[in-house]
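Report on the structure given below.
Computed from the coordinates by the stated procedures, all read-outs in this text should not be read as laboratory data. Only a predicted model underlies this, so the values are computations on that prediction, with no experimental measurement involved. Note that each Cβ is placed from the backbone with ideal geometry, even for glycine, and that neighbours are counted across all protein chains shown.
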Amino acid sequence: MKRLKLTLILMLGIGGYHAAYAQAQLTLQEALKFALNNNKQLARTRMEEDMGKFKTQQVRSQALPQVNGNASYTDNIKLAQSLIPGDALGKPDSSILLTFGVQYQATAGVELNQEIFNQAVFTGLKAAKSGEEYYSLQTQQSEESVIYSVSQLYYQLLVTQEKITTINSNIEKLNQLVTATKSQYDNGLAKKIDLDRIKVNLTNYVTQRTQLLNQYAMQTNNMKRMMGMPLQSAFTVPAASLKEIENKAAGVLQYDDMNLSGRTEYKLLKKQEELQLLQKKAYQAEYYPSLSLFGRYSYNGMSKQFVFSKDPGNATFWYGAAAVGLTLRIPIFDGFGRRSKVSQANVALRQINKQLEDTELSLNTEYENAKLQVRSNLSTISTQKENKDLANEVYYSTQNNYKLGLASLTDLLNAETSLTDAQNSYNEALLQYKLAELDIIKSKGSLKQLLN
């Protein structure tokens, strides 16, 4: 039923469902799915992916027919004149001034252009498609970043919640001890300084609990922000999940070698290399000739009066004109501009190759360090578990001896403090193990497996 409530919130939005959501226990899988649907940064990254698709369409349009319409209306306020020899008109030794054209001209037409061969356009199409894949990889990287961050915050919440449970148990035990010691003091069987010492310890624990509650609230707010959840919403984290960490840590973990090609960071760099190579080919394509087909048609009007006048005496001459043809463009010399751009592309490719080498080394180092950290944390968990069990045994033994008058209050308080430290150290060891395991999963490029 709780899962159903959470599903309704994911489908319908947070508004108006705070009361229902407050009753839901949020599992890690539910938190991750919510974050992938609502994280603000991830939403912007997905918009970039949409932008990449539109850019592909923009480049693709260059290979499609280009059709443009045009229209013009001209009023030749003063017509052009030219002086010609009179001999042509039978008037030797004279010049005649002739006026050319008419005052009004109107033109409407349409023009079509189609690229037949343009290597730069074809290369651009390949680059646009690769660019679209690059934006998709960026989205994938953002999703993995959200999964990693939310998982970290979730595990921190689990451990902080466990620390609060531990300190609440200690406060309860000290309250009982205060009650018992006060009764003994009232009956003259205990000293006031003993009662005061217990109260001091109790106050310290209450202060620590307040600090832990504030820490838990801040961690919760950070997780809500990462998930894209309104701060007014509320959720609880099931404490049982921490036990699952302990059970898994108790087993023998085997990790295969890292698959570098599966890391999104590496894929992005390889895609950048591909894009840069296509950019180089685009520069080289500028050396190639280009061939395009064109077709034009226009309808023209000429008149001594306003062309569209309704005057019956208005004599307008209308005629059509059409043409089709091919345009061949042959680049000959551009001042070595193209050569310079190709050289720059070569340098950029070498830079990416160095970045790939550095990233490969960095990712392999992270993976090896994560494996070392996991092994170290497994050893720490085993040691801290034994230490916690021993501290627990010492505490209850000292408590029984204190009740029998065989142990001092100092011994009891020291045992209680040691038990608290051991419990917190054990919980912290579980957290550090889980964070190291998270780094292992990230190094293997398998963060999305946490969604299952």
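Shown is the FRET efficiency for Glu357 and Tyr299, computed with R0 = 60 Å from the Cβ-Cβ distance and rounded to the nearest 0.05: 0.40. Per-residue extension of 0.36 nm, minus the Cα-Cα distance of Ser408 and Lys270, leaves a gain of 42.8 nm for this segment. Net length available on complete extension from Asp75 to Ala239 is 50.4 nm, with 0.36 nm assigned per residue and the Cα-Cα distance removed.
Taking other Cβ within 10 Å of each residue's Cβ, how do Leu158, Leu231 sort, fewest first? Walk me through the numbers before you get to the answer.
Working: Leu158 24, Leu231 9.
Result, fewest neighbours first: Leu231, Leu158.
With a Förster radius of 25 Å applied to the beta-carbon distance between Leu326 and Lys126, the computed FRET efficiency rounds to 0.50.
A protection proxy built from the mean count of other Cβ atoms within 10 Å ranks the segments 60-70, 439-449, 201-211, most packed first, as 439-449, 201-211, 60-70. Derived from the Cα gyration tensor, the three semi-axes of the equivalent ellipsoid of region 294-452 are 89, 29, 13 Å, largest first. Placing a pseudo-label 7 Å from each Cα along the Cα-to-Cβ vector at Arg197 and Ser382 gives an inter-label distance of 3.8 nm.
Hey, with R₀ at 22 Å, roughly what FRET efficiency would Gln62 and Val347 work out to, going by the Cβ-Cβ distance, to 0.05?
Details: r = 27 Å, r/R0 = 1.24.
Here the calculated transfer efficiency is 0.20.
The ranking of Lys191, Lys385 by Cβ neighbour count inside 10 Å, starting from the fewest, reads Lys191, Lys385.
Under 10 °C and 1.306 mPa s, how fast does the chain diffuse according to Stokes-Einstein, given a Kirkwood radius computed over C-alpha pairs? Answer in µm²/s, whole number. Mind dumping the intermediate values first?
Numbers: Rh = 30.6 Å.
D = 52 µm²/s.
Over all pairs of different C-alpha atoms, region 53-161 has a mean inverse distance whose reciprocal, the Kirkwood radius, equals 21.6 Å. Packing, taken as the mean count of other beta carbons within 10 Å per residue, orders the peptides 74-82, 182-190 from highest to lowest as 182-190, 74-82. Placing a label point 7 Å from the Cα of Ala217 along the Cα-to-Cβ direction, the residues of region 144-179 whose backbone N falls under 16 Å of that point are 161, 164. With contacts taken as Cα pairs under 8 Å at a separation of at least 6 residues, region 65-215 carries a relative contact order of 18 percent. Measuring spread by the Cα atoms of region 263-308 yields a radius of gyration and Dmax of 25.2, 75 Å. Partner aspartates and glutamates whose Cα lies under 14 Å from the Cα of Lys33, excluding those fewer than 8 positions away in the same chain, are identified as Glu143, Glu144. Distance from the alpha carbon centroid of region 29-95 to that of region 367-436 works out to 74 angstrom. Applying the criteria of a DSSP loop state and at most 13 other Cβ atoms within 10 Å to the chymotrypsin sites (Phe, Trp or Tyr not before Pro) of region 358-434 yields no site. Sorted ascending by nearby beta carbons within 10 Å, beginning with the fewest, Glu132, Glu360, Glu437 become Glu360, Glu132, Glu437.
Cα centroid separation, region 154-226 to region 317-355: 75 Å.
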